[in-house]
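One structure below.
Values in this text are rule-based calculations from the coordinates and carry no lab data. Just so we're clear, the structure is a prediction, and the values are computed from it rather than from any experiment. Backbone-built Cβ (ideal geometry, glycine too); neighbour counts: all protein chains shown.
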Amino acid sequence: MRNFARSLFAGAVMFLTATSAFAQKSYTREDLTSDVIRLEEQFRKDAGTIAGNRTAEDLRRDGVGALQRNPRGAIRSFSAAIAASPRDASLWLLYARAAFSSAQ
């Protein structure tokens, strides 16, 4: 019984040590974070001429419509939409898809 209690205690200590080690590990890259911030600032600067007073959803629809026939136009629409709503991950994915399409 004593050996069981010791092994249980040792297992609990190992478990708590492992979870605290995993909790401390960060998976963010500072260089990518600063690049994204610079890109968002560039989008905000350029969006004034593109967006006017349209919403991010309007700009998204314009970009999706232009994606097949004019990928560069879609990039402009998506960048303006990102400037209006930078936390929307789907806009970033659409922007990447348009950038990939224009490079081909």
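Couple of notes before you dig in:
- Selected residue (criterion: farthest from Val36 (Cα to Cα)) from residues of segment 69-89 that are in contact (Cβ under 8 Å) with a residue 24 or more places away in the chain and among the polar types (S, T, N, Q): Ser77
- Filter pass, Arg61 being surrounded by fewer than 15 Cβ atoms within 10 Å (Cβ to Cβ), in contact with a helix residue (DSSP H, G or I) (Cβ under 9 Å, 6 or more places away or on another chain), free of Cβ contacts under 8 Å to residues at least 12 places away in the same chain and over 21 Å from Ile37 (Cβ atoms): yes
- Count - residues of segment 73-93 that are surrounded by fewer than 12 Cβ atoms within 10 Å (Cβ to Cβ) and not hydrophobic (A, V, I, L, M, F, W, C): 2
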